[in-house]
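All remarks here apply to the structure that follows.
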Amino acid sequence: MAHQEFVRQLEGGAHHFQNRRGLLFKLHLDPVLLILLLILSCVGLFVLYSGSGESVVHVQKQAMRFVLAFVVMIVFAQLDPSVYRRWSPWLFLLGLLALVAVLVVGTGAKGAQRWLQLPGLPRFQPSEFMKLAVPMMAAWYLSDRYLPPRFKHVLGVLVLIFMPVVLVIKQPDLGTSLLIAASGIFVLLLAGISGKLVTGFIAVVGAAIPVMWMFVMRDYQKQRVLTLFNPEQDPLGSGWNIIQSKTAIGSGGMTGKGWLEGTQSQLDFLPESHTDFIIAVLAEEFGFIGVALLMMLYVLIVARGLYIAIKAQDSYGRMLAGSLTLTFFVYVFVNIGMVSGLLPVVGVPLPLVSYGGTSIVTLMAAFGVLMSIHTHKKMLGK
Amino acid sequence: MLKDPIREKQIFTFRAVLAMFCILIIAAGLLTRIYYLQAVDFEHYTTLSDKNRMQLQSVVPTRGLIYDRNNVLLADNQPIFSVSIVKERSPDLEQTIAQIGAIVELTDEQIKRFKKRLKNRRKPYESVPLKSKLTEVEIARLSVKRHVLPGVGVEAELVRHYPLGESMAHMLGYVGRINIKELKRVDPTNYSGTNYIGKLGVEKFYEEVLHGKVGHQTVETNARGRVLRVLDQEPSIPGRDIKLNIDVRLQQIAIDAMAGRRGAVVAIEPSTGGILALVSTPSFDPNLFVTGIDHESYSALRDSLDIPLFNRALKGQYPPGSTIKPIIGLAGLDTGVVNRQTKIRDQGWYQLKNDERFYRDWKKYGHGVVDLFDAIMQSCDTFFYDMAFKLGVDNMESYLDRFGLGSRTAVDISEDRQGLLPGRAWKRGAKGLAWYPGDSLNMGIGQGFMLATPLQLATATAVLANRGGWQRPRLAQEIYPGVSADDIVEIPTMHDDTPDDVLINNPDDWNYILGSMKAVMHGKKGTARGSGRKATYKMAGKTGTAQVVGIKQGEEYDAEALAERHRDHALFIGFAPYESPEIAVAVIVENGGGGSTAAAPVARKIFDAWVLDFPEPLEEK
């Protein structure tokens, strides 16, 4: 019956692939998500080759990371969602301890302590781990309770989110803390938190900002915030990146300058062209059409993720799958918003395209959890 | 309250669909933003992107070369390497200079000059040289450290080089770095990439011809300013080459003949006016000035008592002394004041009526009975006192003027002085006094107020040799044609016309006057007969001695040096061969004593070289 139900989910003409889908199903993989992720990875490698200045080394390293990340995804997909659920509080606690440890004995570069080196384990970033652990914890906390959550439970979740977020901000890593906070808040939103509460929170925060601005913040802090939102004020300093990335995007036009032909990226005018600003390379070389196609790919992945969430069997799986999916889109939104000059510069990579290992593994692990939720369904009579 | 899974699922589904809706709106919003950048502002960002990568650069034309009449190279361009800094690309200028200082030796003066040039930069991102003429070792050391020195570059540049150094300095002049004043004078576009400009001499006079026309190229650079490829190019038009009338062999012989004494030699080809040699001694090395002379060397040159930077041939104004006697004599004959039979008895002095003063001959007891011929040959002052008195100042002024004295006549020399040809008007204007007969007497023997440059004396001698025929003196013989038909350049000139030839009533008077000049060299009593001896050809000349009033005296007081500097200047003018003159020469040896002993032998060596076509020097036993 599970098989039949699965087949029903597929759009028309899926019968030809029945055998293959059967194999994928046994492996607990969702073929739609898998294909979309594979396409995105390939696109990412192509753009990376250009963005890294035609560096084969970078592409090879990134490809190796993709292989590792897909393995992690497959492993995560094998575990039953109930395992995740049972382990959620312990994983959260473990992550919290690791975050405290990072602040005490962590290592890092450029003035930020993000890494933890434990004997017998590979070096890792606990904050990345928390991107999974926080939504798990929030979903675990709420799944046993009456939904929509009451005010005190909402406060409980907010406290749970607040602890890791503060620890990550202290590293300091604004981008990751933002994503962690988002992943927790999405759980709340999906749990059905009342519209009044949401409006209330927004009102409180909205009122706090001008008060902070008028009475708490010093002049130099205000200045920093102003340049954060208006980088053009400082064209040779922090504004340089944004001016160059906007120039790269804008000069790409509708169809782009062609692969490896982008002058902004190939002539090193565009900084961070293989990491956070890689979308500008794509926009310059493939134009609006390229960006639109990539955006479509992301939206399809998100749609599939939300579909999986809706189809999940219990509220834990629903909330977790939904939160992970929406967090994935936050990456996309913050990154493209930042590079196109809509949002302040926050270090958030473009998922599965930007060069860099940890975020890829975390993202694919999350997709592994999604697939696990989707493929371990208990046969229940309706 | 009990959990209600159905309601939970409904709420969740609703929220998830709502989220999907929000995501679609956000995605559309992002795409709108991107569309705005890529479609609406496309032109703007394309311009920005092109501005980033494309730069218009000037292509500096190669400066024209200068040759002598036998195509010996006098000025060429050689690559030198200099280390320079682009201020905008250097994170900390002081530190960068210190780092360079640790690799190549830098003097305080070089750093000071660098900062001065930095202040006078024409545009941002222009590299400013810190030290030029790097050695191979220094270049290698800098290249190794280049990656830790942002904004620092080793640049090759074609720089003027004068292979013959000192010997041509006063004639060629030199180029040097453009200063602000010069920049205002030149066409800023044409000089947009040029660092050097002619400062003196031929280099300055023919600057426009030698410079050429600037070209332009659009290059693509990366973010660090490195040129990756040339996108578009409009080549520069190189400067024209110039062939001078100068003969380096003759120039060198003249310098050698001066034997380290201060003075000047100018040699002119009478038939063309071409300047064959133009020497002022002592001289200096023009190569020192090209990339910037250091303070110490410059002070040494400037403060030297021998004033080597002073161009005596063009700017030295000396009393011509007896060298003008042939012209005064011609004036006497032509005006009829004297004739070939006129004789006087010279007892060593001359006196005007109603004047106590004795006007003395250089020979204490006089020359005895002399006519004009003898008076020129023996340089008899008394005869000329008498003739000058009879001629009067106006006649003398008129004839001297027709030989170019008191005016600047050269075609392509702009730095020469005009000397001083006195007259009634001049004296009233300059001194506020009337012209006295005694002034005429002094003028008649080339003393008193009159001053002439060696160039003027040589020019006048050439006119004499041409029997009144005028050719303006000129340095350039030929300006080579440009590379293409549209390469049009205006050739600068001081004069478009030729002065009127000196016409006299009886042309045979030329024979008489020039004959007397021949007698100076070959006559029994000729003042320069020592220099005319044993010549295989005939020559004509006239010696002169000028009393020293001092051209410029050094400030330091040195009794011995000063005593030497109070001796008379020795002068000589002449031409050869007598029958068909090929060369006219003026020589001045400062404080050399008599013209016959100090100056005439210099001219003889020049005559021998030119007339006999540079014979192999005889082995001296």
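Looking at (1) at the interface with chain A (Cβ under 8 Å from one of its Cβ atoms); (2) surrounded by fewer than 17 Cβ atoms within 10 Å (Cβ to Cβ), find the lone condition where B:L37 falls short.
The failed condition is (2).
Any idea which residue in region A:241-262 is farthest from the other protein chains (Cβ to nearest Cβ), counting only those that are farther than 16 Å from B:L37 by Cβ and free of Cβ contacts under 8 Å to residues at least 40 places away in the same chain? Spell out the reasoning first.
Here is the first cut: in region A:241-262, the residues farther than 16 Å from B:L37 by Cβ are A:258-261.
Cutting the leftovers down to free of Cβ contacts under 8 Å to residues at least 40 places away in the same chain gives us A:258, A:261.
Numbers: A:G258: 14, A:E261: 12 Å.
Top of the filtered list is A:G258.
On the basis of being part of a loop (DSSP other than H, G, I, E, B), more than 20 Å from the chain's Cα centre (by Cα) and away from chain B (no Cβ under 14 Å), does A:L103 make the cut?
Details: part of a loop (DSSP other than H, G, I, E, B): no; more than 20 Å from the chain's Cα centre (by Cα): yes; away from chain B (no Cβ under 14 Å): yes.
Against the criterion (part of a loop (DSSP other than H, G, I, E, B), more than 20 Å from the chain's Cα centre (by Cα) and away from chain B (no Cβ under 14 Å)), A:L103 does not qualify.
So how many residues does region B:106-117 have that are surrounded by fewer than 15 Cβ atoms within 10 Å (Cβ to Cβ) and in contact (Cβ under 8 Å) with a residue 12 or more places away in the chain? First the steps, then the outcome.
Looking only at region B:106-117, we keep the residues that are surrounded by fewer than 15 Cβ atoms within 10 Å (Cβ to Cβ), and these are B:107-109, B:112, B:115-116.
Narrowing further to those that are in contact (Cβ under 8 Å) with a residue 12 or more places away in the chain: B:107, B:109.
Residues meeting the conditions: 2.
Just one of B:V159, B:V148, B:V128 is within 20 Å of B:R226 (Cβ to Cβ), aliphatic (A, V, I, L, M) and surrounded by 16 or more Cβ atoms within 10 Å (Cβ to Cβ); which is it?
Working: B:V159 fails: within 20 Å of B:R226 (Cβ to Cβ); B:V148 fails: surrounded by 16 or more Cβ atoms within 10 Å (Cβ to Cβ).
Going through B:V159, B:V148, B:V128 in turn, the sole match is B:V128.
Among the candidates B:E203, B:E208, single out the residue that is out of contact with any helix residue (DSSP H, G or I) (no Cβ under 9 Å at 6 or more places or on another chain) and acidic (D, E). Let's see the steps before the verdict.
Numbers: B:E203 fails: out of contact with any helix residue (DSSP H, G or I) (no Cβ under 9 Å at 6 or more places or on another chain).
Matching residue, one of B:E203, B:E208: B:E208.
Taking the conditions exactly as written (aliphatic (A, V, I, L, M), farther than 23 Å from B:H569 by Cα and surrounded by fewer than 16 Cβ atoms within 10 Å (Cβ to Cβ)), does B:A300 satisfy them or not?
Values: aliphatic (A, V, I, L, M): yes; farther than 23 Å from B:H569 by Cα: yes; surrounded by fewer than 16 Cβ atoms within 10 Å (Cβ to Cβ): yes.
Yes; evaluated as a whole, the condition is true for this residue.
This table checks each residue for (1) out of contact with any Ser or Thr (no Cβ under 8 Å at 6 or more places or on another chain); (2) in a loop (DSSP other than H, G, I, E, B).
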site	(1), (2)
B:I6	yes, no
B:T13	yes, no
B:A19	yes, no
B:L24	yes, no
B:A27	yes, no
B:L31	yes, no
B:Y36	yes, no
B:Q57	no, no
B:T62	no, yes
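Condition check: among the aliphatic types (A, V, I, L, M) and farther than 24 Å from B:F12 by Cβ. Does A:L167 satisfy that?
On the way: among the aliphatic types (A, V, I, L, M): yes; farther than 24 Å from B:F12 by Cβ: yes.
Spelling it out, A:L167 is indeed among the aliphatic types (A, V, I, L, M) and farther than 24 Å from B:F12 by Cβ.
Kindly list the number of the only condition in (1) more than 12 Å from every other protein chain (Cβ to nearest Cβ); (2) surrounded by fewer than 22 Cβ atoms within 10 Å (Cβ to Cβ); (3) on the phi > 0 side of the Ramachandran plot that fails for A:L352.
(2)
Hey, could you check region B:40-58 for residues that are touching a residue at least 24 places away in the same chain (Cβ under 8 Å) and at the interface with another protein chain (Cβ under 7 Å from one of its Cβ atoms) and say which is surrounded by the fewest Cβ atoms within 10 Å (Cβ to Cβ)?
So the first thing to find is which residues in region B:40-58 are touching a residue at least 24 places away in the same chain (Cβ under 8 Å), and the list is B:52-58.
Checking the rest, the ones that are also at the interface with another protein chain (Cβ under 7 Å from one of its Cβ atoms) come to B:52-53.
Numbers: B:N52: 22, B:R53: 19.
Result: B:R53.
Need pairs with beta-carbon distance below 9 Å; first residue more than 7 Å from chain A (Cβ to nearest Cβ) and under 14 Å from A:K311 (Cα atoms) and within region B:1-20, second surrounded by 12 or more Cβ atoms within 10 Å (Cβ to Cβ) and of a type in the set (D, E); sequence gap 6+ or separate chains.
These pairs meet every condition: B:P5/A:D314.
Considering only residues that are out of contact with any strand residue (DSSP E or B) (no Cβ under 6 Å at 6 or more places or on another chain) and closer than 30 Å to A:A248 by Cα, look in region B:59-105 and name the one that is surrounded by the fewest Cβ atoms within 10 Å (Cβ to Cβ).
Ranking the candidates gives B:P91 first.
Condition check: within 9 Å of chain B (Cβ to nearest Cβ) and closer than 22 Å to B:A16 by Cβ. Does A:Y316 satisfy that? Reasoning before the result, please.
Numbers: within 9 Å of chain B (Cβ to nearest Cβ): no; closer than 22 Å to B:A16 by Cβ: yes.
No: the conditions fail for A:Y316.
Consider B:R113 carefully, then state whether it is in contact with a Gly (Cβ under 8 Å, 6 or more places away or on another chain) and at pLDDT 90 or above.
Values: in contact with a Gly (Cβ under 8 Å, 6 or more places away or on another chain): yes; at pLDDT 90 or above: no.
No; evaluated as a whole, the condition is false for this residue.
Results for (1) modelled with pLDDT of 85 or more; (2) more than 22 Å from A:V334 (Cα to Cα); (3) out of contact with any Pro (no Cβ under 6 Å at 6 or more places or on another chain), shown as yes or no for each residue.
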site	(1), (2), (3)
A:I180	yes, no, no
A:A203	yes, yes, yes
A:V225	no, no, yes
A:G262	yes, yes, yes
A:E272	no, no, yes
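Could you please find all residues in region B:253-293 being of a type in the set (D, E) and not in a loop (DSSP other than H, G, I, E, B)? Spell out the reasoning first.
Kept after step one, since they are of a type in the set (D, E), are these residues of region B:253-293: B:256, B:269, B:285.
Hit for region B:253-293 is B:D256, nothing else.
Restricting to region A:282-300, count the residues that are more than 18 Å from the chain's Cα centre (by Cα), facing chain B (nearest Cβ under 8 Å) and of a type in the set (V, I, T).
Within region A:282-300, residues that are more than 18 Å from the chain's Cα centre (by Cα), facing chain B (nearest Cβ under 8 Å) and of a type in the set (V, I, T) number 1.
Among the candidates B:V209, B:V148, B:V175, B:V152, single out the residue that is hydrophobic (A, V, I, L, M, F, W, C) and out of contact with any Lys or Arg (no Cβ under 8 Å at 6 or more places or on another chain). Let's see the steps before the verdict.
Numbers: B:V209 fails: out of contact with any Lys or Arg (no Cβ under 8 Å at 6 or more places or on another chain); B:V175 fails: out of contact with any Lys or Arg (no Cβ under 8 Å at 6 or more places or on another chain); B:V152 fails: out of contact with any Lys or Arg (no Cβ under 8 Å at 6 or more places or on another chain).
Answer to the check: B:V148.
Which one is farthest from the other protein chains (Cβ to nearest Cβ) among residues in region B:207-244 that are under 28 Å from B:I491 (Cβ atoms) and touching a Leu at 6+ places or on another chain (Cβ under 9 Å)?
Restricting to residues being under 28 Å from B:I491 (Cβ atoms) and touching a Leu at 6+ places or on another chain (Cβ under 9 Å), the top hit is B:L244.
Do we have A:Y307 as within 12 Å of chain B (Cβ to nearest Cβ) and buried (at least 21 other Cβ atoms within 10 Å of the Cβ) here?
Values: within 12 Å of chain B (Cβ to nearest Cβ): yes; buried (at least 21 other Cβ atoms within 10 Å of the Cβ): no.
The answer is no for A:Y307.
Take A:L326 and tell me if it is at pLDDT 95 or above and within 14 Å of chain B (Cβ to nearest Cβ).
Details: at pLDDT 95 or above: yes; within 14 Å of chain B (Cβ to nearest Cβ): yes.
It is true that A:L326 is at pLDDT 95 or above and within 14 Å of chain B (Cβ to nearest Cβ).
Against the definition (modelled with pLDDT of 95 or more, part of a helix (DSSP H, G or I) and either under 21 Å from A:L363 (Cβ atoms) or touching a strand residue (DSSP E or B) at 6+ places or on another chain (Cβ under 6 Å) (or both)), how does A:V83 come out, yes or no? Even if it seems obvious, please write down each step before you answer.
Values: modelled with pLDDT of 95 or more: no; part of a helix (DSSP H, G or I): yes; either under 21 Å from A:L363 (Cβ atoms) or touching a strand residue (DSSP E or B) at 6+ places or on another chain (Cβ under 6 Å) (or both): yes.
Criteria not met by A:V83.
Please count how many residues of region B:379-390 are at negative phi and surrounded by 24 or more Cβ atoms within 10 Å (Cβ to Cβ).
Pass one, region B:379-390, residues at negative phi: B:380-390.
Now drop any that are not surrounded by 24 or more Cβ atoms within 10 Å (Cβ to Cβ), which leaves B:380-385, B:387-388.
The qualifying residues number 8.
The values are calculated or read from the model by the stated rules, or taken from the named source; none is laboratory data. Keep in mind that what you see is a predicted model, and the values were worked out from it rather than measured. Heads up, the Cβs are rebuilt from the backbone with ideal geometry, glycines too, and the neighbour counts pull from every protein chain shown.
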